[in-house]
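Colleague: There's a structure below that I have some questions on.
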Amino acid sequence: MTALPPSPQKASPLQVFGILVVGVFCVSTAAVFIRLALDAAGNPGVGFSLVLSASRLTLASIILLPTWAKLNRRPFQKRAIAYSASAGVLLAIHFATWITSLSYTSIAASTTLVTTNPVWVAILSWLWFRETLSLKTIVGIAVTLAGGLMIGLDSGSSALVGQNPTLGNFLALVGSWTISLHFLLGREAQRNGLTVGNHVAIAYSAAALVLLPMPFFFGTSYWGYPLEVYVWIALMALFSQIFGHTSLNWAVNQISPTLVTLAILLEPVSSSALGYFVFGEIPSIRVGIGAVIILSGVAIAALGSRSRPHQNEQGEA
């Protein structure tokens, strides 16, 4: 964490680019680590997905404990903590739904749907804040929805794409809605005085507290799994969470959130490639075409949002 520049200081374009590349790659490894853990545990269902979510965030929170000692040394508005805590609750929902989705649908479908953030942010801004959508954004939304429909109608004839693609795809969409709000609230927390280290420490801890008791409601324990399950969880916490998500939270306060979400579009490409090399997972033709359509639509929508007057670039979202 100390390697990241503090939030109030603007980094150079080269620093931003480098940290974004590392962040997107690290986030991309999550789907593979999750699938490896599911396979090692015999894919035991929703309760185990919650174990993965809670364990990942709890370990990340423990790693970030030293940042709590610095929390009171910086001036910040009290509502900044509320923003971070709320972002943490949304992060808990994101991981609970998205990680579960990987038990039911393919890595390609899940990671594509979960990275449709710019579309949902644009729609949310239109509904809640009465922002005018540009023609390019509307076209992008329509293209994205068409691609989503194509993936949603996939029959999942191959055993490699999951047990219930329709359920898995819906859970991935819920994950996308919640992570979109998570990043927006995280940006507001940093703009109200918290450093990225302070913000993620609060958000990850809040998410962990929400998720920790959840597996017990499904009769699932945290213990008794093969050793490799805990290895994959540790790697998720370190690489996917600490290096990956934290880098994106940092970047969203350095450059336009639109540009960050455009960079995140590389995640499904990277995750799908890793899924092929590690598991030999080849999505159906319909999923492949739908993924290309979705990513194209998201890029169009994001660029359309970028071309509007930047009233929201100052944190008024």
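Colleague: Among the residues in the range 85-99, are any part of a loop (DSSP other than H, G, I, E, B) and at pLDDT below 95?
Modeller: No: the range 85-99 contains no residue that is part of a loop (DSSP other than H, G, I, E, B) and at pLDDT below 95.
Colleague: Report yes if some residue within the range 235-246 is in contact with a Lys or Arg (Cβ under 7 Å, 6 or more places away or on another chain), of a type in the set (Ser, Thr, Tyr) and at pLDDT below 90; otherwise report no.
Modeller: Scanning the range 235-246, I find no residue that is in contact with a Lys or Arg (Cβ under 7 Å, 6 or more places away or on another chain), of a type in the set (Ser, Thr, Tyr) and at pLDDT below 90, so the answer is no.
Colleague: Next up: Among the numbered criteria (1) open to solvent by less than 30 Å² (accessible area, probe 1.4 Å); (2) at pLDDT 85 or above; (3) farther than 30 Å from LEU303 by Cα, which single criterion is violated by ILE63?
Modeller: Of the numbered conditions (1) open to solvent by less than 30 Å² (accessible area, probe 1.4 Å); (2) at pLDDT 85 or above; (3) farther than 30 Å from LEU303 by Cα, the odd one out for ILE63 is (1).
Colleague: Kindly list the number of the only condition in (1) under 30 Å from THR144 (Cα atoms); (2) outside any helix (DSSP H, G or I) that fails for GLY42.
Modeller: (1)
Colleague: Do any helices (runs of 4 or more DSSP H) entirely within the range 136-251 hold 2 or more residues that are touching a residue at least 12 places away in the same chain (Cβ under 8 Å) and open to solvent by less than 30 Å² (accessible area, probe 1.4 Å), and if so, which?
Modeller: By residue number, 165-191, 196-211, 227-235, 246-251.
The values are calculated or read from the model by the stated rules, or taken from the named source; none is laboratory data. Only a predicted model underlies this, so the values are computations on that prediction, with no experimental measurement involved. Because the Cβ atoms are built from the backbone with ideal geometry, glycine has one as well, and the counts that use them run over all protein chains shown. Just the protein is used for accessible areas: all its heavy atoms, side chains included, with ligands, DNA and RNA removed. Shrake-Rupley method; radii C 1.70, N 1.55, O 1.52, S 1.80 Å.
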